[in-house]
2 protein chains.
Amino acid sequence: MNIYDVSLKAGVSIATVSRVLNGSGSVSEKTRQKVLAVIEESGYTPNAFARGLGLGTMRTVGVMCSDSSDPYLANAVHHLVRELRSNDYDALLCSTGYELEEKQNYMNLMLSKHVDAIILAGSSFLDMKEENNRYILQAAEHVPVMLTNSVLDAPNIYSTVCDDFRATRNAVLELIRSGRTRILFLYTAISRGGQAKMDGYKKALKKSGIPVDEALIRRCPRGLDETVRYIASLYDTGLRFDGVMAAEDLIAVSAVKFARSRELSVPEDLSIIGYNNSVVAMCSEPAVTSIDNRVDALCRTTVNTLMQVLNGRSAPRRTVLSAELVQRGTTDF
Amino acid sequence: MNIYDVSLKAGVSIATVSRVLNGSGSVSEKTRQKVLAVIEESGYTPNAFARGLGLGTMRTVGVMCSDSSDPYLANAVHHLVRELRSNDYDALLCSTGYELEEKQNYMNLMLSKHVDAIILAGSSFLDMKEENNRYILQAAEHVPVMLTNSVLDAPNIYSTVCDDFRATRNAVLELIRSGRTRILFLYTAISRGGQAKMDGYKKALKKSGIPVDEALIRRCPRGLDETVRYIASLYDTGLRFDGVMAAEDLIAVSAVKFARSRELSVPEDLSIIGYNNSVVAMCSEPAVTSIDNRVDALCRTTVNTLMQVLNGRSAPRRTVLSAELVQRGTTDF
DNA sequence: CTAAAAAATGTAAGCACTTACATGTTCGGG
DNA sequence: CCCGAACATGTAAGTGCTTACATTTTTTAG
């Protein structure tokens, strides 16, 4: 069943059928109804490929993330997909892993499928080395590229970020206000967000007259157990700390588990703050105080901006949203 | 830049270019190299729409899940996407929510985009009422439909499931062996998996000569805090139990939190087993003993089966995988 | 060396749609 | 009652690729 069959049954030309299908051109109410009736009755669905060929778009955007099983990214993907859908777009998803080469491959795949835009979800796509971001710039020559949680200032690239610097600075200030002085900063990767968080951490210390101790700034491995072991190893080597500012909730949860393993009480002996306010933050005991960077708002803004771009309207190159500290049991402000 | 440009530059016909692109037909090594060189140099990418039109496929499969931010489903999606990718397929993802109508709408959308197959991830797509599954049967008239964690016996529908019945039965038997007699069974939805788990639970009780007490079988709300409150309300109404078999990890975590709120020690006063072995199971204190239903294997099998179907080979309508109990701190076997 | 088989390549007809342009129709105003 | 504007519809030329079939070239064997 194709557009010819429909036009035949309805006694009109294919152009007319196409017009009622797309709501373009003008069609008399009578023929429109007749055509719609035929379509309804025959259960006809336009062939998406042919349509894509003609229109040059299939209303699909590529969503890339490094690991869609990560609770935070999964949440982001969920919101992105829903938001796109409400704008009549679908999402081609890929979960690239953390290797640069893979990311590039996936990017090419997306482009070859002629997506209308690409959304890079999460901060792990931007690299400190400029040359490693070139593939993103190249992609932007073909379609708009949206970044969430990272910033790249280039034509046709739009960033929506959370003010991680401020959020972290304020959180750490709270820790300091509650009497902590040796605050461990833990992260897994130096992304834009990671850098901003670290800067916020340092800023808070400086502002409070506490010297920055590089020994307290640590990159930990991925994975809960691995991180628990890592923190324990730091502790057992003699490093002492009374607060933890974690760049991710899972790290914070690890810190909670570490505390228990060394019989430190939380939050008395050790105050802990996580980041992202994902499910895992609520699961630990005590539940983790976490910075909620509003994934939903972030995703909504990203898609809204994208729609503006796709509709040829102007759009802000960068949008900054603010985060919010959600208090739970690992702090005593 | 299209196939004509390439053929011109390479001094061959478009058919030849198409052949080297698809590895079909025979092309002499010399011309193949020449064409590849031109493609490389010009950065040409075939237009996916036109290709789809010609081939009738775009090597895309629709992945539907009810909530891609759910850690378990997110994990499944992640594995599915990667597995598909390794077979040179991409995934169109949607997160449908739990309403039947939405699911149907999304299904139609996927079909109208001419996906090569549809994967329904998670057990929440099948309904007890047969008529509510009709849209799945209809979809199967167009493309193969793969179910993970649910079973529907119909042409062109393939199911890959975990043996939830056995897994739950064995787990509950362990609880009983360790001295529990009043075991609460908690679930959120009666899906195929939910039913199988419940049956396994009942079977274990019967086998051990413990009468099934319907008061101990409860459906709880979604969400951590809500569930904690729900369990607490049961307890405060006088219901007593010394074990919990939860159909999902988050419920198990809720049970842990409940226990703490009522000063019950885990696992001494209350043994708890979760299901899915997702991240959250590891986050609580103590960490939750959980049934690992091998999402990775499930997804791999699903995609493998799909590939067989798409390649016209015969494939088993139903595959059953076994689960494994992962012991953590909420049990003392 | 040649005929037939095999391999390589080209030609052109789809695939199912969109849309610019041409044609036909209706309607109101002079 | 006629003319042109506005509206409705049809015609046909893309859109970029695949592939059956035709044609040419190469290889193989007798």
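Please treat every number below as a calculation from the coordinates, not as lab data. Bear in mind the structure is a predicted one, so any value in this text is a computation, not a measurement. Note that we place each Cβ from the backbone using ideal geometry, even for glycine, and neighbour counts take in every protein chain shown.
For the reader, a short list of remarks on this structure follows.
- 0 to 90° range, to nearest 10: angle between helix B:100-112 axis and chain B longest Cα axis: 20 degrees
- Residue pairs exceeding 28 angstrom between C-alpha atoms, taken from A:Lys257/B:Lys207; A:Lys103/A:Lys202; A:Lys207/A:Lys257; A:Lys129/A:Lys257; B:Lys113/B:Lys197; A:Lys113/B:Lys9: A:Lys257/B:Lys207; A:Lys103/A:Lys202; A:Lys207/A:Lys257; A:Lys129/A:Lys257; B:Lys113/B:Lys197.
- For chain A, the longest principal axis of the alpha carbon atoms and the long axis of helix A:224-236 meet at an angle near 20°.
- Seen through its C-alpha gyration tensor, with square-root eigenvalues sorted a ≥ b ≥ c, region A:180-263 comes out oblate because a/c lies at 1.5 or above while a/b is not bigger than b/c.
- Helical content of the protein assembly as shown, expressed as a calculated mean residue ellipticity at 222 nm, amounts to -14000 deg cm²/dmol (DSSP H runs of 4 or more residues, -39,500 (n - 2.57) each, divided by residue number, nearest 500).
- Each copy carries a label point for B:Gly56 at 7 Å from Cα toward Cβ; from one copy, the others' points are 3.0 nm away, ordered from shortest.
- Using the Cβ of A:Val81 as centre and a radius below 11 Å, the other residues enclosed give a net charge of -1, where K and R count +1 and D and E count -1.
- Placing a label point 7 Å from the Cα of B:Arg182 along the Cα-to-Cβ direction, the distances to the matching points in the other copies come to 4.8 nm, shortest first.
- Rounded, prolate or oblate (a/c below 1.5 giving rounded, otherwise prolate when a/b exceeds b/c) for the protein assembly as shown by Cα gyration tensor: oblate
- Computed 3J(HN,Hα) for region B:53-64, one whole-Hz value per residue from the Karplus formula 6.51 cos²θ - 1.76 cosθ + 1.60 where θ = phi - 60°, is 4, x, 7, x, 8, 10, 6, 9, 10, x, 10, 10, glycine and proline marked x.
- Region B:270-310 and region B:49-100: distance between their alpha carbon centers, rounded to Å: 19 Å
- With the charge dipole of region A:99-193 set up from +1 on Lys and Arg Cβ and -1 on Asp and Glu Cβ about the Cα centre, the Cα lying farthest toward the positive end among the listed residues A:Ala117, A:Leu137, A:Ile176 is that of A:Ile176.
- Comparing A:Leu92, A:Leu84, A:Leu298 in a Gaussian network model of chain A, where Cα atoms under 10 Å apart are tied by springs, the biggest mean-square fluctuation is seen for A:Leu92.
- Nearest-ten-degree value, helix A:249-261 long axis tilted from longest Cα axis of chain A: 30 degrees
- Charge tally for A:Tyr98 (other residues, Cβ to Cβ under 12 Å; Lys, Arg +1; Asp, Glu -1): -4.
- Counted charge near A:Ala121, where neighbours are those whose Cβ lies closer than 11 Å (Asp, Glu -1; Lys, Arg +1): -2
- Label point of A:Arg240 set 7 angstrom out along Cα-Cβ; within region A:169-210, amide nitrogens under 15 Å from it belong to A:180-184.
- Here the dipole of region A:164-293 is about 500 debye; that uses its Cα centre as origin and unit charges on the Cβ of Lys and Arg (positive) and Asp and Glu (negative).
- Centre separation in Å (Cα based) which lies between region A:198-252 and region A:135-190: 18 Å
- Amide H contacts under 5 Å for A:Cys162, placed H, 5+ residues apart: A:Asn149, A:Leu321
- Region B:200-333: C-alpha gyration tensor shape, a/c 1.5 cut-off, then a/b vs b/c: prolate
- Cysteines, chain B, no other Cys beta-carbon under 4.7 Å: B:Cys65, B:Cys94, B:Cys162, B:Cys220, B:Cys299
- A Förster distance of 51 Å, applied to the separation of the beta-carbon atoms of B:Ile190 and B:Ser13, puts the FRET efficiency at 0.25.
- When B:Gly312 is represented by a point 7 angstrom out along its Cα-to-C-beta vector, the spacings to that point in the other copies are 4.6 nm, nearest first.
- If you run the Gaussian network model on chain A, springs between alpha carbon atoms under 10 Å, then out of A:Asn105, A:Asn22, A:Asn133 the most flexible one is A:Asn22.
- Backbone N within region B:270-305 under 17 Å of label point (7 Å from B:Asn87 Cα along the Cβ vector): B:295-305
- The packing ranking, built from the mean of other Cβ atoms within 10 Å per residue, places the peptides A:272-284, A:249-261 in the order A:272-284, A:249-261, highest first.
- Efficiency of FRET from Cβ geometry, B:Asn105 and A:Asp163, R₀ 45 Å, rounded to 0.05: 0.80
- Residue with peak Gaussian network fluctuation, chain A [Cα springs, cutoff 10 Å], from A:Ser13, A:Ser123, A:Ser265: A:Ser13
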